[in-house]
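Bear in mind that the values in this text are calculations on the coordinates, not laboratory data. None of these values were measured; they are calculated from a predicted model. FYI the Cβ positions are ideal-geometry reconstructions off the backbone, even for glycines, and counts take in every protein chain you see.
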Amino acid sequence: MQSGFTACPGLFYATPARDGILSRIRIPGGIINSTQCCVLADIAEYCGGGYVDVTNRANLQIREIYTTIDEKILGRLQNIGLGSSNTDVDHIRNIMSSPTAGIDRQELIDTRPLVQAWDKYIAVHPHLSGLPAKFSVCFDGGGTVRVCDRPNDIGFAAVLIDGNLYFRLHLSLNASKPPMDTGILLNPEECLPVLVALAEVYLNHLDTTSSRKPRLRELLNTLGCKNYLQEVQRRLPFPLQSVGSQEYQNQIPTNQYKHISIHPQRQSGLSYIGVILPLGRLETVQIRRLADLAERYGSGTIRLTPWQNLLISDIPNQRLPDIQREIESLGLHWSVTNIRSALVACSGNTGCASSATDTKGHGRELAAYLDHLKLSQPVNIHFTGCSKSCAQHTKSDIALLGVSINQGKATVEGYHVYVGDSDQKFGREVYQYVTLAELPTLIEQMLRVYKIQRLTPDESFGEFANRHTMAQLKQLFSPNKAKVKSKE
């Protein structure tokens, strides 16, 4: 591990956290094999806390590192494809793609070759180390499991227009909104040259005397998106084709957890199973067992997702009941009816000094309390220990923002509660200063009301909340005058 500390975790740079050193391992496209899983389990057990966390970029994190990940271990990771051959560019954010790339029955194009091409390009062009650590790219193949609404600097979303396949170019201009459709259409072979040109224009405007590197969206807003794209055009041997951003808008599915449970693949006779991870965390014994299941029942492939869970693919349909039983024997879940299917939490105050609450611990407690409550579709409950919202940058059905609550001479942990969508970062604030003791019964009441009052079985919790006023929600959620302070 190279000397010095960085704010953004990487494999070759140490990043301090409250619970020790944090190491992030990039998994381009989120695809990992069983051999790599077992090596990671060994390292997490030997050097770290005995577990790995799946992040909202389908990375892996090893936490609680007190024994140095030395050059021998780093070399081993590079040899099995889990570390960039060029350590200078390993800090650049993971390349995102749909976890079902190549197996999605509805996808327009398999984006894995594009992910691999950009990853290889980065590795052989060391000057790209000048890109900011948060320079993020996404390839969306237009299938059932979409990722083009994820917060990325640059997105390529596949569309069919008059029977022809294109990618629509998306650029991020606002941190709180999905990337903007620029209206530019690209043939698949044009994506990499355009991506290179976008990166080169950024580097050309970088102030090398400044220690702070601006995000791409900051530069786009400073120069103007039109001017930036004109500079990109001058670096390309082909014209950028624009059809306008409104003519062919992508329709993003409202249910972002369609990968959970069992789904048939485009390959005949095979299916994949979406496995729910408890708040994105896997113990080393679970990692090894899942790697074994992927080998025995599938092709040895595990696919990490931006929703902090994973898929096991290429399972013969007749073997599905067997792998379901084995997943359950690991203490894991695979059904959308389980409350854990869309439960998300940041590292919390056990690992991060910015967090006001033990989000992961409280998430586990809430899941155990609500274990008896069966849902017909996932409800995204997001625990965040501070306003940075590291675990989930997109809106959730229910957001819980950690706060400290003064009770006489004592201070206890609690949450502000937000629901649905609004111009605010977390949604509409329904309650303030809900103590941890009050939280489980309040959330249970909210979910029970939703199950009874929703218009259709397909109506999401967020949609349900959005069609009610604040006054109506307070009345529905607190019929017995719950001991929480309502936001007036």
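Restricting the calculation to Cα atoms, the range 261-331 shows an Rg/Rh of 0.94 when the hydrodynamic-style radius is the Kirkwood one. Site pair V124 and T411 shows an inter-label distance of 5.5 nm when each label is modelled 7 Å from Cα along Cα→Cβ.
Backbone amide hydrogens, once placed in the peptide plane, bring G183 within less than 5 Å of L169, excluding anything fewer than 5 places away on its chain. Computed from the Cβ-Cβ distance with R0 of 51 Å, the FRET efficiency linking R235 to S268 stands at 0.70.
For the chain, a simple Cβ point-charge model (Lys and Arg +1, Asp and Glu -1, everything else neutral) yields a dipole of about 900 debye relative to the Cα centre. In the range 341-486, the convex hull through the Cα atoms has an average projected area of 8.6 nm², a quarter of its surface area. Net charge in the neighbourhood of P214 (other residues with Cβ under 12 Å of its Cβ; Lys, Arg +1, Asp, Glu -1) is +2. Centre-to-centre separation between the Cα atoms of the range 360-424 and those of the range 126-141: 31 Å. With the highest mean first, a sort of the peptides 395-406, 125-136 on other beta-carbon atoms found within 10 angstrom per residue produces 395-406, 125-136. Residue pairs exceeding 26 angstrom between C-alpha atoms, taken from K374/K425; K177/K451; K360/K388: K374/K425; K177/K451.
The orientation-averaged shadow of the Cα convex hull for the chain, equal to a quarter of the hull surface, comes to 24.3 nm².
Give, as ranges by residue number, the residues of the range 36-79 whose backbone N falls under 19 Å from the point 7 Å along Cα→Cβ of K425. Answer for the range 36-79: 56-57. Proximity of backbone amide H atoms, modeled 1.01 Å from N, is registered between G427 and S422 at under 5 Å, excluding neighbours fewer than 5 places apart on the same chain.
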